[in-house]
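Accompanying notes for the structure given below.
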Amino acid sequence: MATAPAQRASAVPNDLEAFWIPFTPNRAFKAAPRLIARAKDMHYYTPEGRAVLDGTAGMWCTNAGHNRDPIMAAIRAEAAALDYAPAFQFAHPKAFELASRVAALAPGELDHVFFCNSGSEAVDTALKIALAYHHVRGEAARTRLIGRERGYHGVGFGGISVGGMVNNRKLFGTMLAGVDHLPATYSREHQAFSKGEPDWGAHLADELERIVTLHDASTIAAVIVEPMSGSTGVLPPPKGYLSRLRAICDKHGILLIFDEVITGFGRLGHAFAAERYGVNPDMITFAKGITSGSVPMGGVIVRKGIYDAFMRGPMHVAELFHGYTYSAHPLACAAGLATLDLYREENLFERAHKLEPVWAEAAMSLKGLPNVLDIRCVGLTAGIDLASRPGEVGKRAYEAMDKAFHELDLVVRAAGETLVLTPPLIVSEREIEEMFAKVARVIKAVA
Ligand SMILES: Cc1ncc(COP(=O)(O)O)c(C=O)c1O
């Protein structure tokens with residue numbers, strides 16, 4: 001049905017009030033909005049048509065670049081064929097196809113996939129599977145969940161409980177009971193300006209032994225960590241840290257969950273960070289890159305033994321009372337399949353791996369600029385810590401992000417007082433140069 005001209009949405013909204021923008025200072029945004037109307041490959045376009053280089057792959061998600069033709073065509077074709085199929089008690093073929101493809105990419109025995117719609121849902125799903133797994137095996141006392149300081153696991157109550165970013169927790173009550181936290185792995189004193197994984201810090205995994213001694217292993221269900229903490233400002237894991245965590249979990253029968261919502265699908269030069277670090281967790285959570293950001297989707301990949309533990313009881317009763325109306329939505333599955341094809345055809349994970357030294361060199365070239373306290377990088381990610389102005393934590397980075405968009409045609413992310421860059425994996429060497437040259441200019445501008 002044709003839309004009457006009067007009802008057609010305009011490219012530039014004339015009232016910004018109604019939309020409560022998430023994780024955003026609304027009043028500052030609405031005073032000088034950063035609006036994006038279109039995107040293609042490495043660029044966004046403002047409603048006025050200004051091209052803006054995307055230094056952040058959206059929010060760590062458009063790994064294949066924006067509006068890639070094969071993904072858009074797959075979404076269009078699926079919308080024409082199947083808008084929706086019930087997610088419970090019925091299913092559609094592409095859900096099985098995508099699960100098999102994701103399982104084939106995952107390491108070790110990680111071979112069953114539970115779909116949901118976001119990273120937050122993936123985390124809550126993984127935590128629930130961990131609790132239920134111990135329950136069905138007769139170890140129902142294993143109810144404690146262990147996260148990490150400075151961890152980000154989305155915004156569900158499970159995710160903020162195991163997460164360790166204070167602003168995401170402090171206004172939301174007591175959260176889940178029985179949660180404990182490992183210490184963060186970052187120390188500027190010992191790690192500043194490390195390229196890739198820092199040498200210092202593997203011993204911090206041993207804090208898990210202390211936590212086990214305090215609570216007893218028989219009460220602990222799972223440990224969840226991001227292999228590389230992204231949202232808190234890019235904290236690569238210290239060398240040897242993740243394998244030490246794995247060994248302690250094995251010793252005490254604790255499940256290890258890698259939250260790979262950011263690190264999955266090529267961000268660190270491999271399908272999953274588990275592969276980069278040679279450490280196989282019991283579950284991997286994913287989202288973002290699975291559809292290159294084009295349609296919301298998340299999921300949990302579980303080890304065969306976990307899935308098998310549930311496959312008992314009467315045949316007519318669901319084995320896990322959990323799921324979402326939009327689990328494995330047809331559009332997301334179609335987008336996911338086309339995205340995985342593109343990653344493979346264009347060797348994008350390998351491309352990220354090959355570009356890593358060029359990227360790291362460019363990132364480190366910012367060392368010595370005013371207020372730069374540390375630079376961290378791993379895979380195609382970089383975090384640049386700036387010194388705060390007295391009494392105004394986060395303002396310098398926020399201003400830098402704002403100026404980069406309005407004045408230098410670059411999208412960079414501000415996480416607290418850290419500038420974060422995480423481009424689509426199709427980024428060229430010339431664009432890497434352009435990105436860091438612009439970041440250098442903006443850092444000087446906010447000095
Ligand atoms: C490691 C990690 N887990 C979970 C999430 C939450 O994902 P979503 O925003 O899709 O709920 C994020 C988002 O950045 C993340 O980085």
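Looking at the range 286-322, which of the residues that are more than 14 Å from the ligand (Cβ to nearest atom) and of a type in the set (K, R) is least open to solvent (accessible area, probe 1.4 Å)?
Only one residue tops the list, namely R303.
Among the residues that make up the range 249-259, is at least one of them among the aromatic types (F, W, Y) and either within 13 Å of the ligand (Cβ to nearest atom) or under 19 Å from S120 (Cβ atoms) (or both)?
Within the range 249-259, one or more residues are among the aromatic types (F, W, Y) and either within 13 Å of the ligand (Cβ to nearest atom) or under 19 Å from S120 (Cβ atoms) (or both).
Which residue pairs have Cβ atoms under 6 Å apart, sit 6 or more places apart or on different chains, and have a first residue in the range 151-163 that is over 14 Å from K288 (Cβ atoms) and a second that is in a helix (DSSP H, G or I) and more than 10 Å from the ligand (Cβ to nearest atom)?
G158/L127; I160/N168
If only one of A222, A205 is under 18 Å from D180 (Cβ atoms) and either under 20 Å from the mean Cα position of the chain (by Cα) or outside any helix (DSSP H, G or I) (or both), which one is it?
A222
Scan the range 374-395 and tell me whether some residue there is buried (at least 18 other Cβ atoms within 10 Å of the Cβ) and assigned to a loop (DSSP other than H, G, I, E, B).
Yes - at least one qualifying residue is present in the range 374-395.
Right, G266: at pLDDT 95 or above, in a loop (DSSP other than H, G, I, E, B), within 11 Å of the ligand (Cβ to nearest atom) and not hydrophobic (A, V, I, L, M, F, W, C) or not?
The answer is no for G266.
Go through (1) of a type outside the set (A, V, I, L, M, F, W, C); (2) within 16 Å of the ligand (Cβ to nearest atom); (3) under 17 Å from the mean Cα position of the chain (by Cα) and name the single condition G65 misses.
That leaves (2) as the condition not met.
Which of the residues that make up the range 108-126 are within 15 Å of the ligand (Cβ to nearest atom) and of a type in the set (V, I, T)?
Within the range 108-126, V123, T125 meet the criteria.
Look through A192, A184 and report the one residue that is away from the ligand (no atom under 16 Å from the Cβ) and at pLDDT 95 or above.
Of A192, A184, the one residue that is away from the ligand (no atom under 16 Å from the Cβ) and at pLDDT 95 or above is A192.
I need the helices (runs of 4 or more DSSP H) fully contained in the range 55-147, keeping only those with at least 2 residues that are at negative phi and without any contact (Cβ under 8 Å) to a residue 60 or more places away in the chain.
In the range 55-147, the matching helices (runs of 4 or more DSSP H) lie at 69-81, 93-105, 119-136.
Which is closer than 22 Å to G269 by Cβ, modelled with pLDDT of 95 or more, open to solvent by 10 Å² or more (accessible area, probe 1.4 Å) and in contact with a strand residue (DSSP E or B) (Cβ under 9 Å, 6 or more places away or on another chain), of E417, E361?
E361
Tell me, please, whether a residue that is closer than 29 Å to R267 by Cα and in contact with a helix residue (DSSP H, G or I) (Cβ under 8 Å, 6 or more places away or on another chain) can be found in the range 11-20.
No, because not a single residue in the range 11-20 is closer than 29 Å to R267 by Cα and in contact with a helix residue (DSSP H, G or I) (Cβ under 8 Å, 6 or more places away or on another chain).
Within the range 323-358, track down each residue that is closer than 29 Å to L127 by Cα and among the β-branched types (V, I, T).
T325, T339
Please go through the range 148-168 and give me each residue that is part of a helix (DSSP H, G or I) and either touching a strand residue (DSSP E or B) at 6+ places or on another chain (Cβ under 6 Å) or more than 11 Å from the ligand (Cβ to nearest atom) (or both), ordered by number.
F157, S161, V162, V166, N167
Being hydrophobic (A, V, I, L, M, F, W, C), closer than 21 Å to D41 by Cβ and modelled with pLDDT of 95 or more narrows it down to one residue among L331, L366, L410; which is it?
Exactly one residue qualifies, and that residue is L410.
On the given criteria, is S100 of a type in the set (S, T, Y), over 12 Å from M283 (Cβ atoms) and within 16 Å of the ligand (Cβ to nearest atom)?
No.
If you go through the range 115-152 one residue at a time, how many are buried (at least 20 other Cβ atoms within 10 Å of the Cβ), in contact with a helix residue (DSSP H, G or I) (Cβ under 6 Å, 6 or more places away or on another chain) and within 22 Å of Y324 (Cβ to Cβ)?
7
The values are calculated or read from the model by the stated rules, or taken from the named source; none is laboratory data. All values reported here derive from a predicted model rather than from experimental measurement. FYI the Cβ positions are ideal-geometry reconstructions off the backbone, even for glycines, and counts take in every protein chain you see. For the accessible areas, the whole protein counts, side chains as well, though only heavy atoms, and no ligand, DNA or RNA atoms are used. Shrake-Rupley method; radii C 1.70, N 1.55, O 1.52, S 1.80 Å.
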